[in-house]
Amino acid sequence: MHRAATQPPMQHSSKRTTHQPTSAPGQITAAQVWPHLSATQQQALQRALTGVCRGLITRTSRSAESEEAHDGDES
């Protein structure tokens with residue numbers, strides 16, 4: 001027996017958007033901070049963000065694989 005989908009499928013876009021999210025009045029944005037960082041700081045921040053994103057992708061992928069394995073057990 002297959003489980004019913006609990007959420008609509010996610011739609012992924014291959015297009016990159018260039019707009020920045022709107023911020024609350026008085027909130028500092030990434031675009032304001034980035035130019036004030038040294039090249040070394042920018043590289044360190046980029047590496048950190050890349051690592052976090054890759055970790056989230058890996059964790060999400062493993063979670064999805066685990067759910068699929070459990071779904072197969074319910075047949």
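The values are calculated or read from the model by the stated rules, or taken from the named source; none is laboratory data. In this text, all values refer to a predicted model and were calculated from it rather than measured experimentally. So basically every Cβ, Gly included, is an ideal-geometry build from the backbone, and we count neighbours across all protein chains shown.
Restricting the first member to region 24-37 and to residues that are closer than 18 Å to Leu49 by Cα, and the second to residues that are assigned to a loop (DSSP other than H, G, I, E, B) and at pLDDT below 90, the beta-carbon pairs closer than 7 Å and six or more apart or on different chains are Thr29/Gln20; Thr29/Ser23; Ala31/Gln20. Given the criteria modelled with pLDDT of 90 or more and either farther than 30 Å from Ala69 by Cβ or more than 19 Å from the chain's Cα centre (by Cα) (or both), does Thr40 qualify? Yes, satisfied.
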